[in-house]
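See structure below.
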Amino acid sequence: MKATALLALLFLSGLTVSGSWKKHLVVQKQPGQGSMNVAVASDFDGDGRIDVMTSFGGGVSVFRGPDWRESRQVTRFADAYKGKRKVRNGCIHGCLLDVDGDGDEDFVGSNQMVFWLECPDDPFDGDWTFRVIDDEILGTHCLITGDVDGDGKLDLIANSGRPADTPFPNSLVWLEVPDDPKSGQAWKRHVVADKDAPGGSHYMGLGDVNRDGLPDIACGAKGGEKFPGGEWFALWEQTRNGKTPWKKRFLSDRQPGASNILPADLNGDGLVDYFASRGHAKGVLWFKAQANSIKGGRFSPDFKPIEIDPDIDRPHSLALADIDRDGDVDAATCGSLVTGEAVWYENDGQGKFTRRLLGRNQGSYDLRIIEMDGDGDLDVLIAGHHNANLVWFENPLEKSHN
């Protein structure tokens, strides 16, 4: 979008972007309570206000909006899980999914297994029932949702990043919600990348890249001495007949610390690009789709890597949304260490990104762009792994008084 058009849009909509992002603390955990890696939010109790959930202290906790001072631990792993592995104090990752189809969001998490917690009618008093989804995949650093098979129902996508101790090492999978998920019926597992995602696979993005109507899965792997075979961003194209594994394509195999990759049309040309971060090294970049390749009658774009910010340190979390409400896709990320910077990247609509500061000295393993305070704009919710906190940054996008 041209600068003159952007100014006109802001004028007509009565919006101005001004001021700094205010940081709000939801919870600061105590020593010995484990890492805080998960940040998710929804109106769990149906009162019109956003509640938040995270995992630490041996379980999962929910915090009631609008001030999030009232909280409740809804499960304790040591009591709920009776399997063969010793559980951690907190989840590696988590997401939300209406597993039972009752209209509210349930919690899905990974902690030596993948599980779900059923949201009760009263989430601050009722029982959140714990059920195992899959206890054979391991090292699950990413849980996302999407309609993989086009049946109109959301599925669960997960990685099995452990190189050993599992029948599915270095793999990516998607899981179908069973017809009666409360019965304990097994979720059907589809192995997208069968031992074909080595090197410490991290976070995934789902989107139809090749225009065949079927979503594809992209992933990053950090590599390094302890994780041979990594340092890549890759794409797995879904097969037309639904068979697995899917077809793998490298976007780049020279990306030390690669961690996050999300699909979106970043420059308004109608093609799906990727925004990516190197969460175990430095830098964010985007992969620009090039509409110059048709292979075997199938659209198969090439991708050109373009550096956005090569200096940001350990941007371990990533989310995309129209933060400034100008009609294009922006991004937000945050460094993982206690000295991390939380930033967002303003898109001009043509794939040129300007770095904007949210705040300093905040680490992150998970980040969500979501409306937190009911004022009509998008805020940023962060789970601070090394900072041992859950915080949110308030968007200064304001309505004009003119």
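The values are calculated or read from the model by the stated rules, or taken from the named source; none is laboratory data. The model shown is predicted, which means the values in this text are computed figures rather than measured ones. In this analysis, Cβ positions are derived from the backbone assuming ideal geometry, glycine residues included, and neighbour counts consider all displayed protein chains. Areas reflect the complete protein model, heavy atoms only, side chains present, ligands, DNA and RNA absent. Shrake-Rupley method; radii C 1.70, N 1.55, O 1.52, S 1.80 Å.
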Query raised in the report: List, please: which pairs have Cβ atoms under 8 Å, are six or more places apart or on different chains, and start with a residue in region 326-346 that is touching a residue at least 40 places away in the same chain (Cβ under 8 Å) and end with one that is of a type in the set (Val, Ile, Thr) and surrounded by fewer than 24 Cβ atoms within 10 Å (Cβ to Cβ)?
Result: Ala332/Val343; Ala332/Ile369; Thr333/Ile312; Thr333/Val343; Cys334/Val343; Tyr345/Ile308; Tyr345/Thr354
**Report entry** Sole exception among (1) open to solvent by 10 Å² or more (accessible area, probe 1.4 Å); (2) assigned to a loop (DSSP other than H, G, I, E, B); (3) touching a residue at least 24 places away in the same chain (Cβ under 8 Å) for Asn292, by number
**Finding:** (3)
Requested in this report: For region 238-247, name all the residues that are free of Cβ contacts under 8 Å to residues at least 60 places away in the same chain and open to solvent by less than 20 Å² (accessible area, probe 1.4 Å).
Outcome: Trp246
Report summary line: Wholly inside region 226-273, strands (runs of 3 or more DSSP E) that include 3 or more residues that are among the hydrophobic types (A, V, I, L, M, F, W, C) and more than 19 Å from Gly213 (Cβ to Cβ) are 232-237
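I'm trying to understand the selection: among the residues of region 123-178, which are small (Gly, Ala, Ser) and out of contact with any Phe, Trp or Tyr (no Cβ under 8 Å at 6 or more places or on another chain)? It would help to see each step written out before you state the result.
First pass over region 123-178, keeping only residues small (Gly, Ala, Ser): 126, 139, 146, 150, 152, 158, 160-161, 164, 171.
Across region 123-178, the qualifying residues are Gly126, Gly139, Gly146, Gly150, Gly152, Gly161, Ala164, Ser171.
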**Report entry** Residue selected from region 201-222 under the condition open to solvent by 10 Å² or more (accessible area, probe 1.4 Å) and in a loop (DSSP other than H, G, I, E, B), by the criterion nearest to Ala234 (Cα to Cα)
**Finding:** Lys222
Requested in this report: Kindly indicate whether any position in region 226-233 is within 27 Å of Ile370 (Cα to Cα) and open to solvent by less than 70 Å² (accessible area, probe 1.4 Å).
Outcome: yes
Query raised in the report: Which of (1) open to solvent by less than 50 Å² (accessible area, probe 1.4 Å); (2) out of contact with any Asp or Glu (no Cβ under 6 Å at 6 or more places or on another chain); (3) hydrophobic (A, V, I, L, M, F, W, C) is the odd one out, the single condition Phe250 does not satisfy?
Result: (1)
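Quick one: which strands (runs of 3 or more DSSP E) sit completely within region 106-174 and have at least 3 residues that are open to solvent by less than 20 Å² (accessible area, probe 1.4 Å) and modelled with pLDDT of 95 or more?
Working: elements: 106-110, 114-118, 129-134, 143-146, 155-160.
Because the criterion is at least 3 residues that are open to solvent by less than 20 Å² (accessible area, probe 1.4 Å) and modelled with pLDDT of 95 or more, the strands (runs of 3 or more DSSP E) in region 106-174 that meet it are 106-110, 114-118, 155-160.
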